[in-house]
Amino acid sequence: MLSSPVDYPALDVEAEWTKLTSALADLLASGQIAIERLDDATLTALQKRLRRSQYHIFHFIGHGEFDQTLQEGVLLLEREQQRGHRVGSQYLGMLLHDHESLRVAVLNACEGARSSRQDPFAGSAQTLVQQGIPAVIAMQFEIADDVAGTFAHEFYGALADSYPIDAAVTEARKAIFAAGFEVEWATPVLYLRAPDGRIFEVDHAVAAPKDVRAAAAPGSAVASPAAAAPQPLTQHERAALLLRSAGTALASGDYVVALEHLQQARSLGASARALGELTAMAEEQRAVADTRAHRRAEFREHLDRAGSLIAGKRFTAALQQVAEALRLNPGDREAQALRSQLDRELAAGELKTPRPSAVRPQAEPHARGVANDESDLRDE
């Protein structure tokens, strides 16, 4: 899907399409991959296309944003007269989730991987994974056209070679790094919910050309060159490897390892730009982790207080604590069950409490008898 709304900064989608098809020319010629282009970048057109055929990958080229107000990732699709339509990732995820053959979403959109510090799963990629897409690849920073082309060629090529998707992303990153992009190789980020990275089973007997199938016939032998003796790494190469491993750790959410490798890379004189970008990413991940840990602790504290209040039969106060816990984590089953229990306890308590009588109690006789003057009335 290529989206370029007229009321947003113009995108040269034709150039993007040309670069993508050029990068995949050999894979297209060999029959290992097929691409269908969707120019009508509306939700209706996407829904109809998904209904009429089976697809394995959704590749989006266009604008992406992170909505600070909604704290949600959005993609900019089109509506009538090609005007922009900001589509939340929750809605798009529901649409793609119903297409059972779809296994991967590639979001070639700036800020597609960005999330909120308060809710680390609010970005477009994270939300699509939560909606059931097995794997989502997004760009956490703006990516140059030549870098995007290199990534697409190596990534799709590795998938066609039956690489697990995480290994395919790694292959693409290595190709970007080898091309001299010391920071951009860390821009693509993989979000994976499959039990392992192997989400495709490619039939090479169908996909490969005849000459390749003949060369790979059973019983054929291929001579491999003798392994060359390993050469010691230079200081620059060691720093580059540490930067690469830091980026890999960040992609998997392990900011602790990433910061350790970045510190080692700094001592080896690694690129200041690469260090700055990756350190900022690691610090943001640490901030997200700290926020989540604080929220978990606060959530647990509210539930513990509720338990103590329930033991003391203070059900109303306990319900307030459970409500605070659910505000922090609305989907927690323990808190939901506790709220249901408290609702039942409070309802039962109201039934047991007798209602006040409508008959006013009879006044007791006055100790001094009947009032005879105004002073007696005032005293009463």
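Going from the residue with the fewest nearby Cβ atoms within 10 Å to the one with the most, Thr234, Thr291 rank Thr234, Thr291. A simple packing score, the average count of other Cβ atoms within 10 Å per residue, orders the peptides 279-288, 146-155 as 146-155, 279-288, with the highest score first. Under a model in which nothing but the beta-carbon of Lys, Arg (+1) and Asp, Glu (-1) is charged, region 238-352 shows a dipole of about 80 debye around its Cα centre.
Taking other C-beta atoms within 10 angstrom as a stand-in for reagent exposure, Leu192, Leu92 fall in the order Leu192, Leu92, fewest first. Counted by neighbouring Cβ atoms within 10 Å, the residues Trp185, Trp17 run from fewest to most as Trp17, Trp185. From largest to smallest, the equivalent ellipsoid semi-axes obtained for region 238-352 from the alpha-carbon gyration tensor read 49, 10, 9 Å. Between region 295-333 and region 123-196, the C-alpha centres lie 41 angstrom from each other.
Where a number appears in this text, it was derived from the coordinates with a stated rule and is not lab data. Just so we're clear, the structure is a prediction, and the values are computed from it rather than from any experiment. In this analysis, Cβ positions are derived from the backbone assuming ideal geometry, glycine residues included, and neighbour counts consider all displayed protein chains.
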